[in-house]
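The values are calculated or read from the model by the stated rules, or taken from the named source; none is laboratory data. The structure presented is a predicted model; accordingly, all values stated were derived computationally and were not measured. Every residue, glycine as well, gets a Cβ built from its backbone with ideal geometry; the counts of neighbours run over all protein chains shown.
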């Protein structure tokens, strides 16, 4: 059977594993977007730019403060999260009562500004960021050479995804968040500071994007375009998974990673487009996404 | 659905053309007739094509309440077919433009039939997905020339009489095409069809309960919007003698949203003003390099936060008339 | 994300300087530097090319005080329609006499048409497609620096001769990428090698792991990167991660600029082989120029494209000065083909009848970190390819200007 596919089974397993690894990265990257949409009804087009800021933050830390990758994993999300909070307080707050469209357009504008500023300062070729030595190298699995860093990416992504899902869906804090967005007035009447929860949630979503950025820095070139290259994929993941479903985005991220990986083997030119084909199909059959709730 | 009510609502539903809109139209016409003697005609033609594109887009979003994120697919694919018709099949420009427009209409019918079933953000995402698939097709198809595009498209002679290589002659032709599209949209908005469309936008279940087949109306509006966007794209390919991937890619879909938003969503003259402003700005800012993106982003932000009615919308509010 | 668009003119009054007695149209020689200022290729040409052009103008007018030169610039955003619209406006409205640079082949092809139509001069540096002096040649084109044929033959021949006779390509799915792959495959096969396969990836791909895995599975001795910009950088970075080189395969960058190597860092990029038309550390005159350039350009050293712009503008001004006129583009280009080229960067060379400028090419290898003595000391020369061998022979181009 494998001979028919034109590729030996070993190579296929290698590609599937790569697909899963990329999928875990997509899941992590989409997680922040899913949180923000699911809880706040904001379509955060600036997600890609904030992811890029996370990678640049890691570079700053290394370049100017000599702080390594491990520090960056913690500090970059916090730093960029603070930026997110400021943006939310200044701009997004005013749009909550309006149609989704305006939130999308505003965040799109924010993305252009952020990307333009970074490109102005740093040019387009990007900056080097070295792989942390503890994670470099790899092992030969027989059917492929697996870099240690990629294994690390899967582990971290899965853990963070599950942790986030657990916090939002299964803890008291999470239930407050979910309630606050479903019925802010009522929840506020119970004494919960709803605007603050919303700000924290946005900041958390942004921090997740920045975290993904730090993860990407050693393997994808740290450049101002890095976010805009991925933003469309991230959107597709969230839409297909079901806007508002955290678990939906996570599972879809993995699935899309695998499908994209297979496309790269059999019809590589279409690897970007395969995601849109799936998005179109899903939207036509089940518009709220595979796991979504109607909004 | 788009929050259009903040734009200065359409006053009384009427099929009679309000007097102030006649005046506004006369002003616009006068400006456009005088312009090529003061301003570089190529720029004006570019702006006119985009103005038509934005008006077509506005028909769909402002009046039918359907926000499409994939409108570039109509602009771009029509441009390719028009360029190919003129260059390879040797069509005269008028037939080339018709070919392009027809292509866009057909594409609109197919994609519209698929996308109309969904509402709001899901409709938008469906159009985006379909547009990206069209982009991929354009990228891979041999006849489009990939990123080189179709180049050296002959301008030809219109109806065998008018040599379009002369920029001024071409300008009158493009102006005529724009006015045709603009008036067609205007007529549509102010017709019984247009009224039903507005009713559907305001309250679809009620319109359905009154016996109107909402899906059909929306589809017709979609096809019309697609065809006119295609008309803009076909004309643009002849003017610039080039059809390229730029016109079929998603940033172009974003650009038409910017133009319409800046000009005034749901107003008659808004998209025209928006298109002219954006094209002019991009030209002035071209010397600034990276700052173009930043300024565009700032415009988006400012428009959304404080200027939601757009230029013409605000003007209309000042004059207390709907424009 | 870039937005397309064109031109506006704010000339309320257009006074054409059509004075028949003016030596140069409008009294000055105006050169427009057109390239990508804001996105992917901004570091390769960008504002640096404008600086290079200005330096050329200053150097020339220092010894030719009767000439006035003005440099203008604009961003074509890598879009053919934007580029051709700017070119049209420059010629119709702004009195520009020549356009320089234009990396990004698709834009160069579109601009070449406009230049030919308006009979001006096109000083190409940094565009890759060899069609500009081949099928698409015009009497108004002059093509400096590299082209796909030079890159393919320079790198391809050298590597195959060293033993790299089986190749696997990572190709950017764009006309430019396809052409580079096709040219290099031809060279490999002509030298007795084999092409084992190719993976064509979409433009702006972030993740190459899947393609690198395919390259490893093919067991080709050489993995050829037929892509540019961010795609090349990402491919190289991830190739290092996946141990391509440790696994015994070698990487051939088909189009690489000093700015790419700088942004990758020597740790990741050392050992890479590629062909260039110019490098700052080749000789003293180049070093001196590069230091002058860097002092005005934020410490960043010039790329071969920017060096090409300097040389092109200088030679153009020489021709214009010899003719005492800049009005007829074809006449100026004919003069450029008559005069031998000579500048401190490329040395002595000639402009062929098809517009191709002949200068030597160099096979470079990226240094190891310990071999580098300064921030921009990044490569060493492995081989010099003489000018008459570096470029496609005249007869093979298919250029209609070549008679017989």
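Just a few scattered comments:
- Filtering region C:321-334 to residues that are surrounded by 20 or more Cβ atoms within 10 Å (Cβ to Cβ) and under 23 Å from the mean Cα position of the chain (by Cα) leaves C:329, C:332, C:333.
- Checked against the criteria, residue B:90 counts as without any contact (Cβ under 8 Å) to a residue 12 or more places away in the chain and either surrounded by fewer than 17 Cβ atoms within 10 Å (Cβ to Cβ) or closer than 19 Å to residue B:60 by Cβ (or both).
- The residues of region C:254-271 that are at pLDDT below 90 and over 15 Å from residue A:127 (Cβ atoms), listed by number, are C:270, C:271.
- The test for being within 30 Å of residue A:48 (Cα to Cα) and within 14 Å of chain A (Cβ to nearest Cβ) holds for residue C:203.
- When region C:34-49 is filtered for residues that are crowded, with 24+ Cβ neighbours inside 10 Å, within 11 Å of chain B (Cβ to nearest Cβ) and not in a loop (DSSP other than H, G, I, E, B), the ones remaining, listed by number, are C:34, C:35, C:46.
- Subset of region C:203-215 [in contact with a strand residue (DSSP E or B) (Cβ under 6 Å, 6 or more places away or on another chain) and touching a residue at least 40 places away in the same chain (Cβ under 8 Å)]: C:211, C:214, C:215
- Helices (runs of 4 or more DSSP H) contained in region A:1-105 and holding at least 2 residues away from chain B (no Cβ under 14 Å), crowded, with 24+ Cβ neighbours inside 10 Å and touching a residue at least 24 places away in the same chain (Cβ under 8 Å): A:9-40, A:47-65, A:69-90
- Test: residue A:111 is at the interface with chain B (Cβ under 9 Å from one of its Cβ atoms) and at pLDDT 90 or above: yes
- With respect to the stated conditions, residue A:171 fails to be more than 30 Å from residue A:117 (Cβ to Cβ), away from every other protein chain (no Cβ under 14 Å), touching a helix residue (DSSP H, G or I) at 6+ places or on another chain (Cβ under 7 Å) and surrounded by fewer than 21 Cβ atoms within 10 Å (Cβ to Cβ).
- Residue B:114 vs. criteria without any contact (Cβ under 8 Å) to a residue 24 or more places away in the chain, away from chain A (no Cβ under 14 Å) and either touching a helix residue (DSSP H, G or I) at 6+ places or on another chain (Cβ under 9 Å) or assigned to a helix (DSSP H, G or I) (or both): no
- Answer residue from region A:136-153, given it is buried (at least 18 other Cβ atoms within 10 Å of the Cβ) and part of a helix (DSSP H, G or I) and is farthest from the other protein chains (Cβ to nearest Cβ) among those: A:153
- Qualifying residue in region C:308-323 (condition: out of contact with any helix residue (DSSP H, G or I) (no Cβ under 7 Å at 6 or more places or on another chain), modelled with pLDDT under 95 and outside any helix (DSSP H, G or I)): no
- Total residues in region B:265-300, condition within 14 Å of chain A (Cβ to nearest Cβ) and outside any helix (DSSP H, G or I): 4
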